[in-house]
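Here, each number is a calculation from the coordinates, and none is a lab measurement. Small disclaimer: the values here were computed from a predicted structure and weren't measured. Because the Cβ atoms are built from the backbone with ideal geometry, glycine has one as well, and the counts that use them run over all protein chains shown.
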Amino acid sequence: MSNTHQRPGAMVIDLSSLLPFAQGANRFCFQHPDNPDRCLKVIRPESIQARYRKQSPVKRLLGKARLNDNTQELRAHQQTALQHLKQVDSADVLWGHLPQFFGTVETSLGTANESELIRGADGAIAPTLESLIRNEQATPELWNAIHRFEAWLTQTRILTRNLLPHNLVVTDRTGRPELFLVDGLGAPAIPQALALVPGWSPHFIARKLRRFRKRLAWEQNSEGLSWEDFQRLR
Ligand SMILES: Nc1ncnc2c1ncn2[C@@H]1O[C@H](COP(=O)(O)OP(=O)(O)OP(=O)(O)O)[C@@H](O)[C@H]1O
Ligand SMILES: [Mg+2]
C-alpha cells in the first residue's frame with residue numbers, strides 16, 4: 001500500500017516484527033508499538049479485492065475506496081450526531097461506548113486508523129460480546145450493560161451499521177461491564193445524509209436495535225437455524 005498521503009517528515013510506524021492481537025475479515029488490529037492503550041488497524045488488502053469481485057458491474061463503477069473499512073470509519077466519524085456531541089462538549093457521553101478515535105497514521109502495512117485499545121480492569125484486552133454470550137456468560141450485569149449501550153445509541157442518535165456482537169467489546173474497567181462499539185460505526189451515504197431529516201435517525205436506530213436483539217437471541221440459541229433463516233422465521 002502506498003504512503004503517498006504521508007506528511008513530510010512524519011515517521012512511518014514499523015509493524016513488520018509485530019503480530020496482530022486480533023483480526024476481522026477486513027482489518028488486522030495491532031497494539032501501537034509506542035502506546036499500549038492505542039490500537040492500529042490496517043486493511044487486509046485481499047479483503048478489498050474479494051469485496052470488489054462480488055460487486056455488480058454498476059457498483060464497481062463507484063470504485064474501491066468505498067470498500068475500505070478505514071475510509072468508511074473516517075467518514076462515519078464525520079456524521080452529524082458525533083459532530084454535535086463534540087460541539088456541545090459532551091466528550092464523556094461521546095466516548096462512553098465508543099473507543100476514542102485519533103485519525104490516521106502511516107505504518108509499514110499502509111495507512112492505519114488509530115483508536116483507543118479497550119482493556120479490562122486487569123489490563124487484558126477486552127473480550128467481545130460474542131465470546132461472552134456464546135460461553136453463556138450473559139449475566140444480569142451484562143444485560144444491564146447491553147441496555148445502557150442501547151439507551152446511549154437512542155439518546156445520542158449515532159448511526160451504526162448492523163450491530164454484530166463480535167464488533168462490541170466488554171470492559172469492566174469502571175467496576176461494572178460496559179460495551180464499546182469497536183467496528184461498524186456509520187451508515188451508507190444515503191442514510192447518513194437522511195440523518196438531517198427530523199425523525200429519521202430514531203427510526204433508523206430503532207430498526208438496528210431490533211435487529212441487534214434478534215442477533216443476540218440467535219447467538220444464545222440458534223435453534224439449528226442459519227442467521228438468515230432465523231431472521232426470516234423468528
Ligand atoms: N479498540 C479495540 N479495543 C479492543 N479490541 C478491539 C478493538 N478494535 C478491535 N478489537 C478486536 O479486534 C477484532 C477485529 O477488529 P475489527 O472488527 O475492527 O476488524 P474488521 O476486519 O473491520 O472486522 P469485520 O470482520 O467485522 O469487518 C474485534 O472483533 C475485536 O475483538
Ligand atoms: Mg469487525
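Things worth noting here:
- Ala22 long-range amide H proximity, modeled H, under 5 Å: Cys29
- Rounded to whole numbers, the Karplus 3J(HN,Hα) couplings from phi for the stretch 88-94 are 8, 6, 10, 4, 5, 5, 4 Hz, using 6.51 cos²θ - 1.76 cosθ + 1.60 with θ = phi - 60°, and x at Gly and Pro.
- Too-long pairs where the Cα-Cα distance tops 30 Å, listed order kept, from Lys64/Lys214; Lys86/Lys214; Lys41/Lys86; Lys54/Lys86: Lys64/Lys214; Lys86/Lys214; Lys54/Lys86
- Three principal axis extents of the chain based on alpha-carbon atoms, in descending order, are 52, 49, 43 Å.
- Prolate/oblate/rounded label for the stretch 62-125 (Cα gyration tensor, a/c 1.5): oblate
- Largest first, the three principal axis extents of the alpha carbons in the stretch 32-71 are 43, 15, 9 Å in whole numbers.
- Under the Karplus curve 6.51 cos²θ - 1.76 cosθ + 1.60, θ = phi - 60°, whole-Hz ³J(HN,Hα) for the stretch 26-42, x wherever Gly or Pro sits: 10, 9, 9, 10, 10, 6, 4, x, 9, 7, x, 9, 10, 10, 10, 10, 10
- MRE, 222 nm, helices only [DSSP H, n ≥ 4, -39500 (n - 2.57), over the chain, to nearest 500]: -11000 deg cm²/dmol
- Footprinting exposure proxy ranking of Ser108, Ser115, fewest other C-beta atoms within 10 angstrom first, gives Ser108, Ser115.
- Annotation: the residues Ser226, Ser47, Ser16, sorted from fewest to most other C-beta atoms within 10 Å of their own C-beta, follow the order Ser16, Ser226, Ser47.
- Around the amide H of His32, modelled in the peptide plane, lie the amide H atoms of Arg38, Cys39, Leu40, all under 5 Å away and 5 or more residues distant in sequence or on another chain.
- Given their separation in residues at 0.36 nm each and the Cα-Cα distance between them, Leu194 and Ala50 gain 48.9 nm when the chain is fully extended.
- The radius of gyration of the Cα set in the stretch 1-117, together with its Dmax, comes out at 15.7, 44 angstrom.
- Within-11-Å neighbourhood charge of Leu142 [Cβ basis; K, R +1; D, E -1]: -2
- This ranking places Thr174, Thr128, Thr80 by how few other beta-carbon atoms lie within 10 Å of each, fewest first, which gives Thr174, Thr80, Thr128.
- Near Asn221: Cβ cut-off under 15 Å, other residues only, Lys/Arg at +1 and Asp/Glu at -1. The net charge is 0.
- Globularity ratio of the stretch 131-216, using Cα Rg and 2.2 N^0.38 Å: 1.13
- Charged neighbours of Ala193, selected by a Cβ distance under 15 Å, balance to +3 (K, R count +1; D, E count -1).
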